[in-house]
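Chemist: Pasting in a structure now, in structure tokens, and then I'll have a few things to ask.
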Amino acid sequence: MPTPIRAEDAGPTVPIDAPITEARIRRALVAVAYVISTYGEVEYLPLMERLEAELERHREGRDAVSRARAILQAHAKTETA
């Protein structure tokens, strides 16, 4: 019989209105992957795929913010030159 996930293994509880972070998405992805691989619960595959897509979008969004900041910094330098 598979080892059940214990509450202390799931990590800290997070308020529902807490911001979505890469770490939260990764923890959720690990939990869903565990359920799928341990129990064969294939009905969770769409959730795993959604979390993978959300993780990618989160990473892209962070990169977009970094690019936006770089554009503003470059613009500020040309305005003061």
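The values are calculated or read from the model by the stated rules, or taken from the named source; none is laboratory data. Given the structure is predicted, the values throughout are model-derived calculations rather than measurements. For neighbour counting, all protein chains shown are included, and Cβ atoms are generated from backbone atoms with ideal geometry for every residue, glycine included.
Chemist: Mind checking which residues of the range 11-48 are surrounded by 10 or more Cβ atoms within 10 Å (Cβ to Cβ), under 24 Å from Gly61 (Cβ atoms), among the aliphatic types (A, V, I, L, M) and without any contact (Cβ under 8 Å) to a residue 24 or more places away in the chain?
Modeler: Val14, Ala23, Ala28, Val30, Val32, Ala33, Leu47, Met48
Residues are listed down the side, and each one gets a yes or a no for (1) outside any helix (DSSP H, G or I); (2) modelled with pLDDT under 95:
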site: Ile5; (1), (2): yes, yes
site: Gly11; (1), (2): yes, yes
site: Pro15; (1), (2): yes, yes
site: Pro19; (1), (2): yes, yes
site: Tyr44; (1), (2): no, no
site: Glu56; (1), (2): no, yes
site: Glu60; (1), (2): no, yes
